[in-house]
Amino acid sequence: MRVCVIGTGYVGLVTGVCLSYAGHEVICVDNNAEKVKLMQNGQPPIYEPQLSELMQASTEAGRLEFTTDLAKGVDHGEILFIAVGTPALPTGESDTRYVEAVAKGIGNHLNGGYKVIVNKSTVPIGSGDWVRMIVLDGVAERQKELVTSGGGGVSQLEGMKAQFDVVSNPEFLREGSAVYDTFNPDRIVLGGNSDKALEMMQELYSPIVNRQFAEDQSLPPVDLVVTDLSSAEMIKYAANAFLATKISFINEVANICDRVGADVTQVAKGIGLDSRIGHKFLQAGIGWGGSCFPKDVSALVHTADDYNYEAQLLKSAVSVNKRQRLLIVEKLQKELKILKGKVIGLLGLTFKPNTDDMRDAPALNIIQELSRLGAKVKAYDPIISQSGIRDGLSDVIVETDAERLADHCDALVLVTDWQQFLSLDYEKMAGLMNSRVMIDGRNFLDRDALQSIGFRYVGMGR
Ligand code: UDX
C-alpha cells in the first residue's frame, strides 16, 4: 500500500521504516530540512537498535523516501499517518499545535482520492473528531484559494469532504526496542467509525498481524482491538498510566521496605508470581521518565480535570515519582553528610538504557539538586558520553569512561541500568575513589560483589 508518515520522531520514523520494510511504499515527511537530509543520506537522527539497517534495506529496495514536501507525501499516500509530537505544556495539557498544523496541511493538499488519516501521535481524547474538523478547515482554505484564482468550485470541496476518514492507531513501542516492538506487538489498536478505513488499516498491518517479521513466526496472529475513536485514544493513556502507576506502587513499597528492613526485590518476586499481578514493571528504582509516561499521565490528569473529575490515584503516582528521583540525594546525604564540595559520579544519564533520549530523565533532577547543594557532579553514559548531546547537562562534567568517572569521587550513583555497567572493573574504580560509596538507583548491581571489594552499597528498598 502507499503510505505517507508525517513527522519523523521516534514514532513516525520507526513506523515508516518498519512499514516499508514490511513491503509498503512509504514517504516520510518532516519539516526539518536538516533532519531530512540526514535521513536521505541513510542516517537515522535517533539511536534505535536495527533502525539504520532496516532503513538502508528499504531505501535500497526503493520503498522508502524522505522529503520536506508535504504535498508530495499527501499525494502519494492512501494512508496518511500523523506522527508529530504532542509535548506537555507547563500546565500538563498536551500541546497539539503540531498535530493541528499537519491536519491543516493535509487538508490543503488533499487531491481527490480517498485517504485514511491516522492519528499515531498520542493525542487528547476526542482528537479524532477535532482532526477531521481541522482537515476540513484546510480543505476550505484551499477551496477559497481555488475560487479566488478561478480554478475550481464548491462541488470540489463537497467531494473532498467525503473522501477521507480519521482512524486512531496508538503505538505502544518502547524506546530502545522500538523496531522489535513494532514487529512483535502484544496487540494492534484501531479506532474509527468507517468500515472502509478500518479494513484498509487491517490490510496495512496484515504482514505484522501474521507475524511475517516476528521473532517467533509460529505464534498465533496478533490481536486486533477495533474500537470507536475515543476508546482507542483512551487505551493509549490508560496503558501508560497503568504502567507508570505500577512502578510508583513498587517504589512506594520499596520506601516502606527501607524503613521496615525488608527487601523490595524479593517482595516484587513474591507478588509478581501472582498471575493477576505479573512480574513486569515491578523494578523499584529512581522512578519513571522519558517522553511518554510523564507527559501522558499528566495529560490524562488534565483531561479528567477538564471533565470536573479529580484523578487522585494518578496524581499520587506522579507525586511519588517526583519524590523518588530526589531520594538519591537523601541517600547520599545520609552516607556523606554534607554534600557541598563532594564529588558525585553518575553511572548513566538517559532515562533508561539503549537510548540516547534525555527527555524527562531522572538524572536531570538529580544533577540539579546536587549542584544546588554545592556538590561537583560528573557522569559517564555509554551513549551520551560519545554523542554531542549536552542539552540540560551544563552542570555536569561528562566523562568518556567509567574509570575517569570514578577518579576522586566521594560516591557513585547508578542512574541508568545499562548492561555494560554489570561488567565494569569496580575494583579498579574503587581504588581511584575518595570513598567507596555506591548508591544503586536501580537495584541493578551485584551487591555482594561490591561489598566484598569494600563498597558501602545502598540500594532502593533493600
Ligand atoms: C513507554 C511504554 O512502555 C510504551 O508502551 C509507550 O508507547 C511509550 O512509553 P518508554 O518510555 O520507551 O515506553 O519506556 P519504558 O521501557 O516503558 O520505561 C519507562 C520508564 O519506567 C523508564 O524510566 C524506566 O527506567 C522506568 N521503569 C520501567 C522502572 O522504573 N521500573 C520498571 O519496572 C520498568
Near pairs, Cβ below 6 angstrom, 6+ apart or cross-chain, from the stretch 318-344 (without any contact (Cβ under 8 Å) to a residue 60 or more places away in the chain) to any residue that is buried (at least 17 other Cβ atoms within 10 Å of the Cβ) and not hydrophobic (A, V, I, L, M, F, W, C): Arg325/Gly287; Arg325/Pro362; Arg325/Asn365; Leu326/Glu369; Val329/Glu369
The stretch 45-64, residues that are closer than 14 Å to Ser20 by Cβ and surrounded by 22 or more Cβ atoms within 10 Å (Cβ to Cβ): Leu54, Met55, Ser58, Leu64
Residue match in the stretch 375-383 (condition: within 20 Å of Val458 (Cβ to Cβ), of a type in the set (Val, Ile, Thr), over 20 Å from the mean Cα position of the chain (by Cα) and more than 16 Å from the ligand (Cβ to nearest atom)): yes
Given (1) assigned to a helix (DSSP H, G or I); (2) touching a strand residue (DSSP E or B) at 6+ places or on another chain (Cβ under 8 Å); (3) over 22 Å from Asp391 (Cβ atoms), number of the condition Ile328 does not satisfy: (3)
The stretch 21-46 residues that are without any contact (Cβ under 8 Å) to a residue 12 or more places away in the chain, paired with ones that are assigned to a helix (DSSP H, G or I) and surrounded by fewer than 17 Cβ atoms within 10 Å (Cβ to Cβ) (beta carbon under 8 Å, 6 or more apart): Gln43/Ser52
For Arg259: the one exception among (1) within 16 Å of the ligand (Cβ to nearest atom); (2) closer than 30 Å to Gly459 by Cβ; (3) among the charged types (D, E, K, R): (1)
Failed condition for Pro87, given (1) surrounded by fewer than 16 Cβ atoms within 10 Å (Cβ to Cβ); (2) in contact (Cβ under 8 Å) with a residue 60 or more places away in the chain; (3) more than 16 Å from Thr8 (Cα to Cα): (3)
The lone exception for Ile208 - which of (1) surrounded by fewer than 18 Cβ atoms within 10 Å (Cβ to Cβ); (2) in contact with a helix residue (DSSP H, G or I) (Cβ under 9 Å, 6 or more places away or on another chain); (3) outside the structural domain of Ala361 (by TED's automatic domain parsing) it fails: (1)
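Residues in the stretch 216-226 that are in a strand (DSSP E or B) and either among the hydrophobic types (A, V, I, L, M, F, W, C) or not assigned by TED's automatic domain parsing to the domain that holds Asp129 (or both): how many?
Residues flagged as in a strand (DSSP E or B) and either among the hydrophobic types (A, V, I, L, M, F, W, C) or not assigned by TED's automatic domain parsing to the domain that holds Asp129 (or both) within the stretch 216-226 amount to 3.
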So Leu349, is it outside the structural domain of Asp95 (by TED's automatic domain parsing), at negative phi and more than 10 Å from the ligand (Cβ to nearest atom): yes
The lone exception for Lys340 - which of (1) over 24 Å from Trp418 (Cβ atoms); (2) not in a loop (DSSP other than H, G, I, E, B) it fails: (2)
Helices (runs of 4 or more DSSP H) completely within the stretch 357-462 that count 3 or more residues being in contact with a helix residue (DSSP H, G or I) (Cβ under 8 Å, 6 or more places away or on another chain): 362-372, 402-406, 426-432
Selected residue (only one of Glu330, Glu335 is more than 16 Å from the ligand (Cβ to nearest atom), more than 20 Å from Glu252 (Cβ to Cβ) and assigned by TED's automatic domain parsing to the domain that holds Arg259): Glu335
Matching residues, the stretch 246-256, being crowded, with 16+ Cβ neighbours inside 10 Å and more than 10 Å from the ligand (Cβ to nearest atom): Phe249, Glu252, Val253, Ala254, Asn255
Some residue of the stretch 380-399 being in the same structural domain as Gly289 (by TED's automatic domain parsing), farther than 30 Å from Val11 by Cβ and crowded, with 20+ Cβ neighbours inside 10 Å: no
Search result, residues across the stretch 216-245 that are more than 16 Å from the ligand (Cβ to nearest atom) and closer than 17 Å to Glu199 by Cβ: Pro221, Leu224, Val226, Thr227, Asp228, Leu229
Within the stretch 341-360, considering residues that are aliphatic (A, V, I, L, M) and surrounded by fewer than 24 Cβ atoms within 10 Å (Cβ to Cβ), the one nearest to the chain's Cα centre (by Cα): Met358
Unmet criterion (only one of (1) away from the ligand (no atom under 13 Å from the Cβ); (2) surrounded by fewer than 20 Cβ atoms within 10 Å (Cβ to Cβ)) for Gly278: (1)
Per-region count, the stretch 26-70, residues over 25 Å from Arg359 (Cβ atoms) and among the hydroxyl-bearing types (Ser, Thr, Tyr): 3
The stretch 286-300, subset touching a helix residue (DSSP H, G or I) at 6+ places or on another chain (Cβ under 6 Å) and assigned to a helix (DSSP H, G or I), residue farthest from the ligand (Cβ to nearest atom): Leu300
Enumerated strands (runs of 3 or more DSSP E) restricted to the stretch 13-123, each holding at least 1 residues that are of a type in the set (S, T, N, Q) and outside the structural domain of Thr355 (by TED's automatic domain parsing): 64-67, 115-119
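The values are calculated or read from the model by the stated rules, or taken from the named source; none is laboratory data. If you're wondering where the values come from, they're calculated on a predicted model, not measured in any experiment. Positions of Cβ are backbone-derived with ideal geometry, glycine not excepted, and every protein chain shown enters the neighbour counts.
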